[in-house]
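One structure is given here, and the rest of the page talks about it.
The values are calculated or read from the model by the stated rules, or taken from the named source; none is laboratory data. Quantities reported herein were computed from a predicted structural model and do not represent experimental measurements. Methodologically, a virtual Cβ is constructed for each residue, glycine included, from the backbone with ideal geometry; neighbour enumeration extends over all protein chains shown. Ligands, DNA and RNA are excluded from the accessible area calculation, which covers all protein heavy atoms including side chains. Shrake-Rupley method; radii C 1.70, N 1.55, O 1.52, S 1.80 Å.
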Amino acid sequence: MFFKVDKNYDPKVSEPRWQKFWEDEGVYWFNPDSTREVYSVDTPPPTVSGKMHLGHAFSYSQQDFIVRFKRMQGFSIFYPFGTDDNGIPTERLVEKMKNVRARDMNRADFVKLCLKTLEEELRPKYISDWKRIGMSCDWRIFYTTINEHCQKISQKSFLDLYKDGREYRKEAPTMWCPECQTGISQVECADKELQSSFNDIVFKVDARDLVIATTRPELLPACVAVFYHPSDSRYQSLEGKKARVPLFDMEVPILPDERADPEKGTGIVMCCTFGDQTDMEWQKAHNLPIREAIGVDGRLTALAGKYQGLKIAAARKQIIEDLKNAGLLVSQKAITHAVNVHERCGTEIEYLKSKQWFIRYLDLKDEMVIWGEQLRWFPEHMRHRYDHWVKGLAWDWLISRQRYFGVPFPVWYCKKCDEIILAREEDLPVDPLTSKPPVEKCSKCGCSEFEPEKDVLDTWATSSLTPKLSVELYKGHPIYKKLYPMSLRPQAHDIITFWLFNTVVKSRMHDRVNPWKDVVISGHAQDPHGKKMSKSKGNVIEPQEMIVKYSADALRFWAASSKLGEDLPFLEKELVTGQKYLNKLWNASKFVFMHLEDFNPKEKKPELQVIDQWLLAKLKKVVDTATESFEQYEYSHTKADTEKYFWLTFCDYYLEMIKHRLYKPEVYGNESRRAVQYTLYHSLLAILKLMAPIMPHITEEIYQECYRKTEKEKSIHNTIWPAFGKEFEDEKAEASGDLAVELIALIRKAKSNASMPLSAEIEKAVLKVPEDKKELLEKVLEDVKNTGKIKEIEIKTGETDACEVLFKK
C-alpha cells in the first residue's frame, strides 16, 4: 500500500478524471436484476435554458447527497436524468439563438429547428454542467420531455383522462399572456407589485355625474354594466337605470350585486369583459354580453374605435389624456398594487374568451388535501404551501397552449359539426398537423373533412408525468412494479404548486396512488445580501466559474451548509472553507498513509490503548448521529458533525497525541504502533465515507490511492456506509481522552501566553486536577506528556472542579 507523498491534489485535473471513471466503470449504473431493495428518485428534469445556474448547483447537489447516502446504505438506486425541453422556454431560447420568430416560420420547419438546436447545441453542453458538479445519476436512464417516448406517454395520459370524463374543451374566459400569445393556467401566474393609479372617471346618469374609480380605463370600450352593493344607500336609487360610458357614448345597466365592495374606490364599479375573475362571475350571473376590447396580441380591437391597434399601456395613457381633456377625469391617486403576471415573461395577464382544453379537478379539492397529508414532507412545514394552493384553486387546469413547439394534442375535429376525433393508442405519438385521423367519416354527421388541433399541451401536462417518463423505460421488466410509486421527489419550494401538485394530480387520476413516499424540498440560492439573483440586477454568480476557481467539491460543501428547505446566501468564503477542508483531508491522509506502509488491515486486531479507544468511541457517536441525520434528509448536520470531528478530534488532537508511538516503536513497542495504525486506518476510512456524499471527488481520490487494494470495491461510492457496534462504546476511555484534550488545550494556552512556540520543550509541569479525575489522567498521562513536549509531569489533586497547568523551571 503506497501513497504518493510527493503528489499534490489538483481538482481541475482529478475531478474530470473521476467523473469519467464513474461513467466508464458504471459506478452508478442501475441494475434491474439486482435483488436489493430499490430506492427510486423522481429526478427533476431541468428546463433547458442554456446553462446551469447557481440555484441548480445548490438544489441538485443537495438531492445528490441523499442519493449517494442511500447507495452506500446498500439500496439499488434508480436515479435517472431527464431534460425539460418543450414549450415556451425552448421556443424563446431558439428564437434568440437563431434570430427567428416562430410565428413567421412554417411550423414544421420551426419544430425541426428546435429539435436540431437541442440535439446538437443545447442539450450536450447543458447536461455536462450537471456531470461537472458530480451528480451520481445513471446517465443511461435518460429522457427528454419532447422525445417520442415522452410524447407517447403524454398523449396517452390525455386520451385516458378524456375517456374518464376528466377533460373537456370549452370556449370561455381564459387567462391569457399577450406577450407569449397563449392561454395559461392558474399555476403559471405570479403576483407582482406594480405602480399604477386609481382614476376617478365620470359616467353620466340622466345628465348627472356618477364617479367610478378604476385602474383599467383602457377597458372602457368593454364595459357592459355598473355594479353597486345592494345595501349601499348612495346608489340604491340608480337601480334599473343606465349609465353612459365616457368617450364611447354607449349605455350600460346599473345593477346591484353583493360582490361590489362599498369600501373600495367610490363604492360603485364598472364590469368589463374581462378585467378580472369577478367580471367573469358578473357576466355569467347576469347574462351580460361579451365585448372584447383587447386582442390576443395585447392590442386594442376595432371595438375601441380610434384606439384600435394601440398596446395596452399606450391605450391607457391616451384614454386618460382624452378623459382629462374632456373634463371626465375627476382625480388620480398613485398606488402600488399586486397584479397577476405570467411567471415566464412577467407580462400582466388578460382575460380573453377563447376555446381551450381543461382538466376538470375543482371537484377534488377535499381529496387533494388528503393526498398531501399522505406524503412525508421534509421539512414538514412545506406542506402548508401545498394546502394553501389547493384551498385557493379557482380554475380547472387549462392544458392547451397556442404555441409552436410542444407535445401535440392527439385530436382532430369534424369540420362540419366540431365532433372530437381521438387518435388510437397504438398510433401514438401522432401529430395531427401531419397525420390523418383514424376514421374516414365523422360518426356524428358523416362528414369526411377534419381539422387538426393546432394547439400543443401545456409543458406541465407532460412534466407532471416524470415518474412515468423514467419508469416506463423498464416496462415489461420484472423490476417495473418495484420502481413506482417512487421513493423520493426532490425539488425546490417555488415549484410545489407547479410540478409537485400537478404530478400528484396526474398520479391520482391515473393510478389512484401518490407518486412517491417522501418529498424533499430545497430552498433557493441567493446573492451575498440575501436577494434573488437576476441578470438585470447584475448579481448573478456563475457556478461554472466557481468550479474553475475552487472545485466542484467546494461548491457542494457550500450547498451542504444550508438546512433543508432554507434559502442560502452565496458567500464565497464558504467555498474557501470548503477548499481548506479538502486540502486538509488530503494532507492528513498523506500523513496517515506515510505510516501505514507496513500495516496489514487483515491481521488480527491489536490491543488498543485508551486514546485509541477514545477516538473510536467519539467516531461511533458521529457515525450514529450522521446516519440519523441523513435518514431525516438533514445532510447539513452530517456535514457539520463530521467536519468538527475531523478538524478538532482527529487532526488537532489525535494525530498529535499518537506521533510518539508512531515515531518511537523501540520505546513504546510495535504493538502500540500497530494499535495506532489500526485506529488511523479505520477512522480515516470512516471519515472519508461520511464525507463521500458531499465531497465525492476528493474522497474517491484518497480511497483509490489508499484503500482500493485492501477494501476491494472499485469506488468509495460502492462501499457500505460506516457503522460501529456497541463494542466501540467506552465511557471511561471517552472521559480519559476528553481530560487529555482539556489539559493539552491548557498547555497550548500557557505556552502561547508565555510567547513560546508549541514545539518548545518544558522541563517540568504541574497538572492540577480534581481528585476524581486522577485515575483518568494516569491512563493518558504519556499522551499528554509527549503532546505537550513536557519532560516531567507532577500531578496534584485537590478540591477543585477546574484543571490547571503550571510550568516549573
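Tabulated values for the structure
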| read-out | value |
| --- | --- |
| Inter-site label distance for residue 745 and residue 482 at 7 Å from Cα along Cβ, in nm | 4.9 |
| Dimensionless Rg ratio for the chain, taking C-alpha atoms and the 2.2 N^0.38 Å reference | 1.24 |
| Within straight-line cross-link reach of residue 98, lysines at Cα separation under 20 Å, skipping those fewer than 8 residues along the same chain | 51, 112, 116, 125 |
| Under the Karplus curve 6.51 cos²θ - 1.76 cosθ + 1.60, θ = phi - 60°, whole-Hz ³J(HN,Hα) for the range 465-476, x wherever Gly or Pro sits | 9, 3, x, 6, 4, 8, 5, 5, 5, 10, 4, x |
| By accessible area with a 1.4 Å probe, ligands and nucleic acids excluded, highest first: order of 726, 590 | 726, 590 |
| Cβ-Cβ FRET estimate between residue 415 and residue 333, R0 fixed at 60 Å, reported to 0.05 | 0.70 |
| Cα pair distances in the range 47-113, grouped into 10 Å bins until the bin that holds the longest one, percent each | 16, 34, 22, 17, 9, 1 |
| Cα-based Rg / Dmax (Å) for the range 247-291 | 10.9, 28 |
| Computed P(r) (all Cα pairs; the range 200-334; 5 Å bins; percent) | 2, 11, 21, 24, 22, 14, 6, 1, 0 |
| ³J(HN,Hα), Karplus 6.51/-1.76/1.60, whole Hz, each residue of the range 506-523, x for Gly, Pro | 5, 5, 5, 5, 8, 10, 6, 9, 6, x, 8, 8, 10, 10, 10, 10, 9, x |
| Length released on extending from residue 726 to residue 29, taking residue separation times 0.36 nm less the Cα-Cα span | 247.5 nm |
| Under-5 Å amide H pairs with residue 182, H placed in peptide plane, nonlocal only | 177 |
| Cα pair distances of the range 525-642 binned at 10 Å [whole percent] | 11, 28, 30, 19, 9, 3, 0 |
| Computed FRET value (nearest 0.05) for residue 659 with residue 10, which takes r as the C-beta separation and R₀ as 30 Å | 0.60 |
| Built amide H within the under 5 Å cut-off of residue 47, gap 5+ | 84 |
| Square roots of 5 times each gyration tensor eigenvalue, C-alpha, the range 257-378, largest first, Å | 34, 19, 17 |
| Relative contact order (%) - criterion: Cα under 8 Å, at least six apart; region: the range 209-298 | 36 |
| Under-5 Å amide H pairs with residue 526, H placed in peptide plane, nonlocal only | 568, 570 |
| Among the listed pairs 242/324; 242/454; 689/751, those beyond 32 Å (Cα-Cα) | 242/454; 689/751 |
| Expected-Rg normalisation [2.2 N^0.38 Å, Cα atoms] applied to the range 666-785 | 1.40 |
| Full-stretch length increase - residue 232, residue 179 - with 0.36 nm per residue and alpha-carbon distance subtracted | 15.1 nm |
| In order through the range 743-753: 3J(HN,Hα) via Karplus (6.51 cos²θ - 1.76 cosθ + 1.60), integer Hz, x for Gly, Pro | 6, 5, 5, 5, 5, 4, 5, 5, 5, 5, 5 |
| Accessible carbon and sulfur surface of the chain relative to its total accessible area, %, 1.4 Å | 48 |
| Förster-model FRET efficiency, 60 Å R0, residue 374 and residue 251, C-beta, rounded to 0.05 | 0.60 |
| Cα-based equivalent ellipsoid of the range 624-707: semi-axis lengths in Å, sorted from largest, via gyration tensor | 29, 14, 10 |
| Between the range 135-163 and the range 187-244, the Cα center-to-center distance that results, in Å | 48 |
| Straight-distance crosslink candidates among aspartates and glutamates, where the alpha carbon sits under 13 Å from residue 789 and sequence neighbours closer than 8 are dropped | 656, 761, 763 |
| Distance from the range 337-366 to the range 686-702 (C-alpha centre basis), Å | 47 |
| Projected area averaged over orientations for the range 1-133, convex hull of C-alpha atoms, nm² | 11.9 |
| Whichever aspartates and glutamates have a C-alpha closer than 14 Å to that of residue 620, once near sequence neighbours (fewer than 8 apart) are set aside | 612, 628, 641, 727, 729, 730, 731, 734 |
| Percentage, to the nearest whole number, of Cα pairs in the range 350-424 over 17 Å apart | 64 |
| Residue pairs, from the table 152/391; 192/531; 156/444; 618/791; 416/441, whose Cα atoms sit over 21 Å apart | 152/391; 156/444; 618/791 |
| Net lengthening on full extension, residue 281/residue 758 (0.36 nm per residue, minus Cα-Cα) | 163.7 nm |
| Accessible surface ranking that places the most exposed of 553, 396 first, with a 1.4 angstrom probe | 396, 553 |
